[in-house]
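Visitor: What follows is a single structure, and I will ask about it in a moment.
The values are calculated or read from the model by the stated rules, or taken from the named source; none is laboratory data. On a predicted model such as this, the values are computed, not experimentally measured, just so you know. Cβ coordinates were reconstructed from backbone atoms using ideal geometry, including for glycine residues, and neighbour counts include every protein chain displayed. Each accessible area value is taken on the protein alone, full model and side chains, heavy atoms only, with ligands, DNA and RNA left out. Shrake-Rupley method; radii C 1.70, N 1.55, O 1.52, S 1.80 Å.
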Amino acid sequence: LPGCASMGLDTFGFGVDKAHSERAETLANRGDYAGAAYIYENLARSNRGKSRTGYLQKALAYYQQAGDQASAARIRMALDNEAVSLPNAKAGEIAVMLPFSGAYANASNAIRQGMDTLNTRQPEDKRPQLRYLDSSGGNLATAIKQAQSATLVLGPLSKESVEKITAAADYNSPTIALNQVSDYSRRGIYQFGLSPIAEGEMIADKAWRDGHRTATVIYPQSSWGNRYEEGFRKRWHSLGGSLSSRVIYPQEAQGFTNTVSSAIEKPADAIFIVAKPTNARQIRAQLLFAGSTETAVYAASTAYDRRLYGAKDSDFENVWIPVLPWTVPGAVHTALPSYQELEAGESFNPGLAKFYAFGIDAMLLALNAENLNSGMVLKGATGDLSVDSNGIVRRNMLWLHYKDGTPTRHVPSS
């Protein structure tokens, strides 16, 4: 399971980094210091060593010129707190802090199932002992105390709980937190989450690599829709792209004629659809009906319906969509538990598929904890996993492209 280091230390590459730097300086010369700082911050995330430090210093200087003190403080923390390697957790004890009651109980149980299934596959002498601790409600402080003797901590899960441990000056347990609350991790803590913002950024990167420069975003009036749009918009602008329009639709919408009419008023090279499976297909069908057949279309992973994989899905013609490899038949390594393996269990809930996969990958990271800061890439259930120089676990998901109603797989690009 150790993966490979083919991704390297610089996922952008010298030539691309230089182009981004030139873009940042152009923005700064125009007085857009915040925009320049954002580009340098992203460059720092994709580099290590002296290059990373230099980009962070540039970002700090421009955030200060922009008067953004909160971002400047964040960069100072990144300069002060480099991510460190975690201990070898194999054959040791891992404390897993999850909320087993309340709103996150079902998700926690699915995560636990994913962890247990992968852990039981390990040889006995390399199988860590998992000690589950309830971090729900007012139990977090007790769980933290009980976890102190463990070799490694996995969790907690909720954003509020992760924020508490990352902000606590006296918290010093080696930890892989199961949510992402910032772009930088303090010393000894890694953050791993299924972030809509990060996915939005990844989709923007893909559309840009495909040669598109103008885009329209169609997304629901909801907190999750806003996060996808935010990630896409900020990354798109940092790359030099422009947004033709941003079209918001009600979550409970039954028809999308007006939504699509608004979306195609201004020409765009690409359209990004954020929607659940049924709505996404209705929107795409309306776009086709309106004559928008040549414009490239990208969809958030929320639009993927595993039940339709392998069947004719004509409404999704010429759509690119990132998905969890675990939900695509035959797409994950045989060393990992398959979808079918967990589906055979009595308590399996297909609506929680991403949490089973998340649990598998959390355990995969724990089993390789001592090597996470080396630039290695792990082929996981939620995507290709790597840790950036800020201690954030990044995911490159599997891309599907629908042609003649049939999806074909495309290997994630670094």
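Visitor: Taking the criterion of being within 23 Å of Tyr249 (Cβ to Cβ) and of a type outside the set (Gly, Ala, Ser), would at least one residue in region 325-338 satisfy it?
Guide: No, region 325-338 has no match at all.
Visitor: Let me ask something additional. Within region 185-215, take every residue that is farther than 19 Å from Arg246 by Cβ and small (Gly, Ala, Ser) and give me the one that is farthest from the chain's Cα centre (by Cα).
Guide: Per the stated criteria, the residue is Gly211.
Visitor: Here is a list of conditions, (1) under 22 Å from Ser85 (Cα atoms); (2) in contact with a helix residue (DSSP H, G or I) (Cβ under 8 Å, 6 or more places away or on another chain); (3) hydroxyl-bearing (Ser, Thr, Tyr), and Thr151 meets all of them except one; can you say which number that is?
Guide: (2)
Visitor: Could you check region 260-273 and list, in sequence order, the residues that are buried (at least 23 other Cβ atoms within 10 Å of the Cβ) and in a helix (DSSP H, G or I)?
Guide: Scanning region 260-273 gives Val260, Ala263.
Visitor: Which of the residues spanning region 371-392 are in contact with a Leu (Cβ under 6 Å, 6 or more places away or on another chain) and either open to solvent by 30 Å² or more (accessible area, probe 1.4 Å) or modelled with pLDDT of 95 or more (or both)?
Guide: Scanning region 371-392 gives Leu378, Gly380, Ala381, Thr382, Leu385.
Visitor: Tell me which residues, restricted to region 42-73, are outside any helix (DSSP H, G or I) and modelled with pLDDT of 90 or more.
Guide: Scanning region 42-73 gives Gly67, Asp68.
Visitor: Looking only at region 52-71, which residues are more than 24 Å from the chain's Cα centre (by Cα) and surrounded by 17 or more Cβ atoms within 10 Å (Cβ to Cβ)?
Guide: Lys58, Leu60, Ala61, Tyr62, Tyr63, Ala66, Asp68 - these are the residues of region 52-71 that are more than 24 Å from the chain's Cα centre (by Cα) and surrounded by 17 or more Cβ atoms within 10 Å (Cβ to Cβ).
Visitor: Let me ask another. Answer yes if at least one residue in region 337-360 is buried (at least 18 other Cβ atoms within 10 Å of the Cβ), part of a helix (DSSP H, G or I) and at pLDDT below 95, and no otherwise.
Guide: no
Visitor: Right, something else. Does Lys234 fit the bill of being under 17 Å from the mean Cα position of the chain (by Cα) and open to solvent by 70 Å² or more (accessible area, probe 1.4 Å)?
Guide: The answer is yes for Lys234.
Visitor: Next question, about the same structure. Filter region 78-104 down to residues that are surrounded by 14 or more Cβ atoms within 10 Å (Cβ to Cβ) and in a helix (DSSP H, G or I) and give me whichever is modelled with the highest pLDDT.
Guide: So, considering only residues that are surrounded by 14 or more Cβ atoms within 10 Å (Cβ to Cβ) and in a helix (DSSP H, G or I), the one modelled with the highest pLDDT is Leu79.
Visitor: Being touching a residue at least 24 places away in the same chain (Cβ under 8 Å) and either open to solvent by less than 10 Å² (accessible area, probe 1.4 Å) or more than 19 Å from Ala366 (Cβ to Cβ) (or both) narrows it down to one residue among Gly188, Gly200; which is it?
Guide: Gly200
Visitor: Then there is this: Exactly one of (1) open to solvent by 40 Å² or more (accessible area, probe 1.4 Å); (2) of a type in the set (Val, Ile, Thr); (3) touching a residue at least 40 places away in the same chain (Cβ under 8 Å) is unmet by Ile248. Its number?
Guide: (3)
Visitor: Might you let me know whether region 151-161 holds any residue that is of a type outside the set (Ser, Thr, Tyr), over 16 Å from Met363 (Cβ atoms), exposed (fewer than 13 other Cβ atoms within 10 Å of the Cβ) and under 26 Å from the mean Cα position of the chain (by Cα)?
Guide: Yes, region 151-161 has at least one match.
Visitor: Take Ile218 and tell me if it is at pLDDT 95 or above, farther than 30 Å from Tyr40 by Cβ and not aromatic (Phe, Trp, Tyr).
Guide: Taking the combined requirement at face value, the residue satisfies it.
Visitor: Give the number of residues within region 283-303 that are under 26 Å from the mean Cα position of the chain (by Cα) and either in a helix (DSSP H, G or I) or buried (at least 23 other Cβ atoms within 10 Å of the Cβ) (or both).
Guide: Result for region 283-303: 9.
Visitor: Name the residues in region 366-382 that are in contact with a Phe, Trp or Tyr (Cβ under 9 Å, 6 or more places away or on another chain) and in a loop (DSSP other than H, G, I, E, B), would you?
Guide: Answer for region 366-382, where residues must be in contact with a Phe, Trp or Tyr (Cβ under 9 Å, 6 or more places away or on another chain) and in a loop (DSSP other than H, G, I, E, B): Gly380, Ala381, Thr382.
Visitor: For region 305-331, name all the residues that are open to solvent by 30 Å² or more (accessible area, probe 1.4 Å) and in a loop (DSSP other than H, G, I, E, B).
Guide: Answer for region 305-331, where residues must be open to solvent by 30 Å² or more (accessible area, probe 1.4 Å) and in a loop (DSSP other than H, G, I, E, B): Tyr309, Gly310, Ala311, Lys312, Glu317, Asn318, Pro329, Gly330, Ala331.
Visitor: Anything in region 166-185 that is of a type in the set (A, V, I, L, M, F, W, C) and either under 18 Å from Pro412 (Cα atoms) or surrounded by fewer than 23 Cβ atoms within 10 Å (Cβ to Cβ) (or both)? List them, or say none.
Guide: Ala167, Ala168, Ala169, Val181
Visitor: List pairs: first residue in region 49-72 and in contact (Cβ under 8 Å) with a residue 60 or more places away in the chain, second residue in a helix (DSSP H, G or I) anywhere in the structure, Cβ distance under 6 angstrom, at least six positions apart or on different chains.
Guide: Close Cβ pairs (under 6 Å, with a partner that is in a helix (DSSP H, G or I)) amount to Arg52/Ala44.
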